[in-house]
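Q: I'd like to ask you about the structure that follows.
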Amino acid sequence: MNSIWNKNIQLFEKRFSSLCSLIKKDVDYFSSRAGKPEEKSLYPFWTLSEARTGSITAEENGLKLHSAYNPQKESEGIVSRQKEKLDSAEAVVFMGFALGYTPLECAARYPDKQIIIIEPDVTHFLAALLFIDFSALFACQKLILALSCPPDQVIALLNQNSIEKTVLISVQAHESHAKKYFTTLKELIDRNRAKEQINQATLRKFEKLWRTNCRKNAHYLNELEGVNTLKDKFSGIPFLLLGAGPSLEEILPMLKDLKERTKIICVDTALKACLRHNVEPDFIILTDPQYWAYRHIAGLSSPSSTLITEIAAYPAVFRFNCRKIYLCDSQVPMANEYGSVPKGNLGAGGSVASAALNFCIFCGAKEIYTSGLDLAFPAKQTHIKGSTFEENVHRTSLKNSTAETKSLPLLFNGNAVQAEDYNGNPVLTDKKMKMFAWWFESRLAELPEIKAFTLSPKGLKIPGITPCPMEKILNLPKLC
């Protein structure tokens, strides 16, 4: 009989009954062999030995999981080195479990912290329960076990807290059994941390402006309908999402035909291009509170279009000539100070295009086509011809400061990197746009029932979006 296993597994079943049910076969298998001669067959991945202090230690893949002298002292040191961060942290995340010494030490010091243990292999976690008493760990009320969870689900879990207020404890040896998994997970965490840092910096820079906008627009919370009234209203209808990338130019001549077959969702920066071809999109998305976002629609008119915006938008946005204006929930923190009327959450993906994709999904779209969603500089172009950005560049160009010169910083600064388009050809992009691409990839991965296509294969390749020939969308039946 293995008394440690019996004690641990009883605590585990009591504390995490649903999780235990999901891995019942593994638990039963371990219980049938724990304390018996065949117990060693449960952990073929470890070579166990006794540390000089008498505690158990192990090796895996040629790496020592813990100290060969004093594993407990080593774990105390790992936690102590993070003391300054841990004291103010909301959560602590362990990448891999090994024999569990470090999470156990953290639980003893910070029993009220949220402790998240990420272990992609259930058998590694269960094997540790054979040797060490984890009563103190299972007693933590905020303990979370992420066993065999895909990386995107782990990210969703971690996003419940601020990434900036989460301490990540990573030991190479504890991750050696699942290197690819932990490499992918760390990359996703780094992207989330970078996004959060950008959001916080933006908030600090524009807080005064956003607060002013919210105060001036607060009355619209009671006067305008929310997008929640459009929930699933267009289920079964194909949507066409238009960004303002250079490749949008290629489909503009067919835009009238496309409008007969799809609902067109246009970001604010692409509106001028649509109107230039005498096409008024069905919906226009403007969720950026900056004055320059308003400038993209200033002086324009689209009487048959519906505008989707939020109360933090520049006040002149609400004077735009359109059929109707709907509000979505604001992503600006101070907006809640002026009312909490729910309007419909379109999420925060860092760009107006991400809000546009969420709007398509919100409306019930299962088939989404995109164009101009380049997230790159195809043919070294930054924006579609005739966009507000391009016109401003030409308007302010001088003999010694040409339009081409003004565009160079966008192409060669900002951490520009080479990537691939949908045809496997090299395309220039930057880290910020790659982060946006990752958001689209992650969002679509959450919703496998949604099929996404691009009519612009020259943009940055986004996994989850498939190139689509123009003939396919033009053969769709016309909408009634």
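The values are calculated or read from the model by the stated rules, or taken from the named source; none is laboratory data. Keep in mind that this is a model prediction, so the values were computed, not measured. Cβ coordinates were reconstructed from backbone atoms using ideal geometry, including for glycine residues, and neighbour counts include every protein chain displayed. Heavy atoms of the whole protein, side chains included, go into the accessibility calculation; ligands, DNA and RNA do not. Shrake-Rupley method; radii C 1.70, N 1.55, O 1.52, S 1.80 Å.
Q: Taking Gly100 as meeting all but one of (1) on the phi < 0 side of the Ramachandran plot; (2) modelled with pLDDT of 95 or more, write down the number of the exception.
A: Against the list (1) on the phi < 0 side of the Ramachandran plot; (2) modelled with pLDDT of 95 or more, Gly100 comes up short only on (1).
Q: I need the full set of residues from segment 49-66 which are more than 22 Å from Lys179 (Cβ to Cβ) and open to solvent by 30 Å² or more (accessible area, probe 1.4 Å), in order please.
A: Scanning segment 49-66 gives Ser49, Glu50, Arg52, Thr53, Gly54, Ile56.
Q: Could I ask something else about it? Within segment 449-468, count every residue that is open to solvent by 40 Å² or more (accessible area, probe 1.4 Å) and either closer than 24 Å to Lys195 by Cα or at pLDDT 95 or above (or both).
A: If we filter segment 449-468 for residues that are open to solvent by 40 Å² or more (accessible area, probe 1.4 Å), which is where we start, we get 449, 451, 458, 461, 463-464, 466-467.
This time we only want the ones that are either closer than 24 Å to Lys195 by Cα or at pLDDT 95 or above (or both), so: 451, 461, 463-464, 466-467.
So the count comes out to 6.
Q: Looking at (1) within 23 Å of the chain's Cα centre (by Cα); (2) farther than 19 Å from Gly344 by Cα; (3) of a type in the set (A, V, I, L, M, F, W, C), which is the one condition that is false for Ile265?
A: The failed condition is (2).
Q: Name every residue in segment 253-277 that is assigned to a loop (DSSP other than H, G, I, E, B) and touching a residue at least 60 places away in the same chain (Cβ under 8 Å), in order of residue number.
A: If the condition is that a residue be assigned to a loop (DSSP other than H, G, I, E, B) and touching a residue at least 60 places away in the same chain (Cβ under 8 Å), then Glu260, Arg261, Thr262 are the ones that fit.
Q: Further question on the same structure: For residues that are of a type in the set (S, T, N, Q), within 21 Å of Gln141 (Cβ to Cβ) and in contact with a Phe, Trp or Tyr (Cβ under 7 Å, 6 or more places away or on another chain), tally how many sit in segment 64-115.
A: The qualifying residues number 1.
Q: Look at Glu280 and say whether it is without any contact (Cβ under 8 Å) to a residue 60 or more places away in the chain, of a type in the set (Asp, Glu), open to solvent by 30 Å² or more (accessible area, probe 1.4 Å) and not in a strand (DSSP E or B).
A: When the stated conditions are applied, Glu280 passes them.
Q: Additional query: Filter segment 330-350 down to the residues that are of a type in the set (S, T, N, Q) and at pLDDT 80 or above, then identify the one that is least open to solvent (accessible area, probe 1.4 Å).
A: Ranking the candidates gives Ser330 first.
Q: Condition (residue is of a type in the set (Gly, Ala, Ser), in a loop (DSSP other than H, G, I, E, B) and either touching a Lys or Arg at 6+ places or on another chain (Cβ under 9 Å) or open to solvent by 50 Å² or more (accessible area, probe 1.4 Å) (or both)) applied to segment 224-240: is it met by at least one residue?
A: yes
Q: Would you be able to tell me the number of residues in segment 303-323 that are surrounded by fewer than 21 Cβ atoms within 10 Å (Cβ to Cβ) and part of a strand (DSSP E or B)?
A: The number of residues fulfilling the criteria is 6.
Q: Also, quick follow-up: Need the failing condition index for Ser21 against (1) open to solvent by 70 Å² or more (accessible area, probe 1.4 Å); (2) touching a residue at least 12 places away in the same chain (Cβ under 8 Å); (3) small (Gly, Ala, Ser), just the number.
A: (2)
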